[in-house]
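Heads up, the thing below is written out as C-alpha cells.
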Amino acid sequence: MRQEVVLAMLAKEPSHGYQLRARLTEALGPLGDAMNAGQIYVTLDRLEKAGLVTREPAAELAVRPDRPDRKVYTLTAAGQQRVASWVAQVDWPRPDLAEFHLKLIAAAAARLADPLAIVDAQRRELLRRLREAQRAAMAEPDDSEAALLLEGIVLRLQADLRWLETCERNWTGRKGQL
Amino acid sequence: MSDTGRTYMLLARGLRKEYGKGEGLVRAVDEVDLEVTAGETVAVMGPSGCGKSTLLHLLGGLDRSSGGEIWLDGRRVDQLGERALARLRRDAVGFVFQAFHLMDELTAVENVELPALLAGRSPRTARRQADGLLEQVGLADRAKFLPTALSGGQRQRVAIARSLANDPLVVLADEPTGNLDSQATLDVLRLFDSLHAAGQTLVIVTHDSRIAATADRLISMRDGAFIDETRLTGGATGHLGAPARIKG
C-alpha cells in the first residue's frame, strides 16, 4: 500500500490508527483482509519521521492510561501538499486498482477534488495510451509477433476504460444523493 | 449562421430528436452542437441507448430531426424535401453500418458499383470505379464473390468501398466493427486510417473504445447529449510499454 493512501485518509480529519484501518477495511472489503494489521502503524511511523504527519496523544485518552498507544495522527502542511499532488497525479498502470479507488474515496471525503474530475483525467490518459497502442498495432504486419503483445495492451486498456465508466456512473449516483 | 455553416464540412446546431409526448417524451438527441472540419475523424462514444445512432441518422438524412439545424459543406440540409434528401443520401453521404447491409444476391463489385449506377453513371464508369475501390480496400481478388462467401471483416470492407462510390463529402459509420473479431477490427481501422490520410471526413459512432481512440477527436454522449470532448491527436506518451512492464 502506498504511503500516500494512508496520508490521504487523514486529509478529512485527524484520526487514530485503528480508525484509519477501519476506513480502509470498509473501502476495500474482502481485499482489505490481506492488509497486515501492523502495516498501517509502520507506514504512519515512516510518515511521521518524514515530517508528513504529527502524532499527538488523544485528549479523551487521558482517562485511559492503560491504552497509551492510542494516538491521534494529523497531517502537517507538507503532508497536505503531498496528498494534493497525489490526488492530481494521473498514472497508469499500477498493479493495484485499489489505489485509484481509494484516491476517489479520499478526495471525495476531504473535498480535495471532484472524483468525477479525477476519473475524467484518468480516462483521457488511458485513451491517449490506447490510441498509441492501437496505432502501433495497426502499423505491425499481420504476421508480427509484437502485434500479439500490443493486442494484450489494447485489451487491458479497454478493460480499465470500462471500469472507469463504472466509476463514473457510481460517483455520479453518489453525487446525486448528496 | 450561414458563415458558421460554411466553415465546417458538417455542422449541427441545437439538434433535437424527440419521440412520444407528455410524460412519455423521450429526448433521444437533446440540443446537440457538433462541428466537424473537412478531413477530420470524429468519434462519438457512449453506451447503447445514448442516442448516438439516432444522431448519425439525423446527420445523414436517414431520419428527420425535431428541431435544430444541420449544415453539410455550407448548405443547410435539415429542411430539404424528400427528393433532395434522397439525393443527398446517395451522393453526398457514405454510410457504413454494423450489419454491413450488403445485397446478398449481388457480388462484391456489384454492391460497390450500385450507388454510382443509381446516380446515373455509365455501367463502364461505375465498374471501373468499383474495381478501383475494391483494390483500395484490399479485396480486388474477391470482386466476383457473393457476400456470403466473404468473412465479416471482408464484408465490412466491401461496405466501406460502397460508401465511397459517389465520392461523399462525409462518411458516417455506425458501430462499424461491432460484428468483427479483433483482426478484422484492425483491418477496418487501418482502412479508416488510410481514408483519413486521403482527406476523407469521417464521423464514427461506437461503444468500442479502441475505434474511438484512433479518431482525432472523441465526444462522449449520454442521454442524448454531449458530455465531454477529448482531443486525441498529440505527442506520444512514452509509456507504450508500461502495461507490459518493459518500461514505466
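No lab work stands behind these numbers, since they all come straight from the coordinates. A quick note: this is a predicted structure, and the numbers were derived from the prediction, not measured. Here the Cβ positions follow ideal geometry from the backbone for every residue, glycine too, while neighbour counts run over all protein chains shown.
Below are the figures for this structure:
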read-out: Using θ = phi - 60° and Karplus 6.51 cos²θ - 1.76 cosθ + 1.60, couplings along the range B:115-131 (whole Hz; Gly, Pro as x); value: x, 5, 5, 5, 7, x, 5, 6, x, 5, 4, 4, 5, 4, 5, 5, 4
read-out: Separation between Cα centres of the range A:6-31 and the range B:1-67, rounded to whole Å; value: 46
read-out: Whole-angstrom gap from the range B:117-153 to the range A:127-160, using each part's C-alpha centre; value: 30
read-out: Kirkwood hydrodynamic radius over Cα pairs of the range B:1-110, then Stokes diffusion coefficient at 4 °C and 1.567 mPa s, in µm²/s; value: 85
read-out: Cα shape, chain A, gyration tensor, a/c 1.5 rule; value: prolate
read-out: Rounded to whole Hz, the Karplus (6.51, -1.76, 1.60) HN-Hα couplings of the range B:95-112, x for glycine and proline; value: 10, 10, 10, 4, 8, 6, 6, 8, 7, 5, 8, 9, 6, 4, 5, 5, 4, 5
read-out: Listed peptides A:149-157, A:45-53 by packing density, highest first (mean Cβ within 10 Å); value: A:149-157, A:45-53
read-out: Shielding score for A:133-139, defined as the mean number of other chain Cβ atoms within 10 Å; value: 6
read-out: Length-normalised contact order of chain A in % [C-alpha pairs under 8 Å, at least 6 apart]; value: 22
read-out: Quarter of Cα convex hull surface for the range B:84-206, i.e. mean projection, nm²; value: 7.0
read-out: Among B:Ala108, B:Ala119, B:Ala212, residue whose mean-square fluctuation peaks in a GNM of chain B (springs only between Cα atoms under 10 Å); value: B:Ala119
read-out: Most to least packed among A:118-127, B:222-231 [average Cβ atoms within 10 Å]; value: A:118-127, B:222-231
read-out: Highest to lowest packing among B:151-157, A:169-175, scored as the average C-beta count within 10 Å; value: B:151-157, A:169-175
read-out: Translational diffusion of chain B, µm² s⁻¹ [Kirkwood Rh, Cα pairs; Stokes-Einstein; 37 °C; 0.692 mPa s]; value: 173
read-out: Within 10 Å of each Cβ in A:151-157, the average number of Cβ atoms from other chains; value: 4
read-out: Antiparallel %, DSSP beta bridges [both residues in chain B], to 5; value: 50
read-out: Alpha-carbon Rg with Dmax, taken over the protein assembly as shown, Å; value: 27.3, 100
read-out: Using θ = phi - 60° and Karplus 6.51 cos²θ - 1.76 cosθ + 1.60, couplings along the range B:181-190 (whole Hz; Gly, Pro as x); value: 7, 5, 5, 5, 4, 4, 4, 5, 5, 4
read-out: Given A:Lys71/A:Lys175; A:Lys12/A:Lys71; A:Lys12/A:Lys175; A:Lys12/A:Lys49, the pairs whose alpha carbons are separated by over 24 Å; value: A:Lys71/A:Lys175
read-out: Computed helical MRE - 222 nm, chain B, DSSP H runs ≥ 4 contributing -39500 (n - 2.57), nearest 500; value: -9500 deg cm²/dmol
read-out: Share, in percent, of DSSP beta bridges within the protein assembly as shown that are antiparallel, nearest 5; value: 60
read-out: When the range A:114-178 is reduced to its Cα atoms, the Kirkwood hydrodynamic radius in Å; value: 13.1
read-out: Amide proton proximity set for A:Val72, modelled H, under 5 Å, gap of 5+; value: A:Glu56, A:Ala58
read-out: Tensor-based shape of the range B:188-238 (alpha-carbon gyration tensor, a/c under 1.5 rounded, otherwise prolate or oblate); value: oblate
